[in-house]
Amino acid sequence: MMMTISRRWAPLLFVFLTACGGGPAKKRLVIYSPHGKELLDAYEHAFEAAHPDVDVQALDMGSQTVYDRVRTEAANPQASLWWGAPSTLFAQAARESLLVAYTPTWAAAVPADSRDAAGFWFGTYQTPEVIAYNTHLLDSAAVPR
């Protein structure tokens, strides 16, 4: 059985079909990161505002979990970007061929000791190490140095 559409309904059908996903698909950018939901949400919204053709999907997980997941997905990578981890984990991932070399436009601004010589990872900031202690319970001589 063949159905015909009257001329008066054709424009409505066209609008309905184009509204149901007929437009161009957004590029998907999947980020694995330990930076926390609040920070990731802020970057996701800012990036999508600047690049409306991109759908950012940021997944918050610990650094070791990211490394384990990247290693597990080596044959079928799901992430576009791994953002955040100690340099030791990135160096290990580079040695295991889990990363793809890439040189960002800002690479020259990163000190040599904060990046991989072959371009597999670049540090975005350094996290200071801090020792805090209760001065009422410990004498300053007993505190680790």
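Taking all protein chains together, His51, His136, His45 sort by accessible area into His136, His45, His51, largest first [probe 1.4 Å]. When only alpha carbons are used to place a centre, the range 23-54 and the range 96-145 end up 25 Å from one another. Overall, the accessible surface of the range 39-145 at a probe of 1.4 angstrom is composed of carbon and sulfur to the extent of 56 percent. Annotation: per residue accessible area for the range 60-127 equals 65 Å², rounded to a whole number [probe 1.4 Å, protein chains only].
The values are calculated or read from the model by the stated rules, or taken from the named source; none is laboratory data. Predicted model only: the values in this text are computed from it and were never measured. SASA here: full protein model, heavy atoms, side chains in, ligands and nucleic acids out. Shrake-Rupley method; radii C 1.70, N 1.55, O 1.52, S 1.80 Å.
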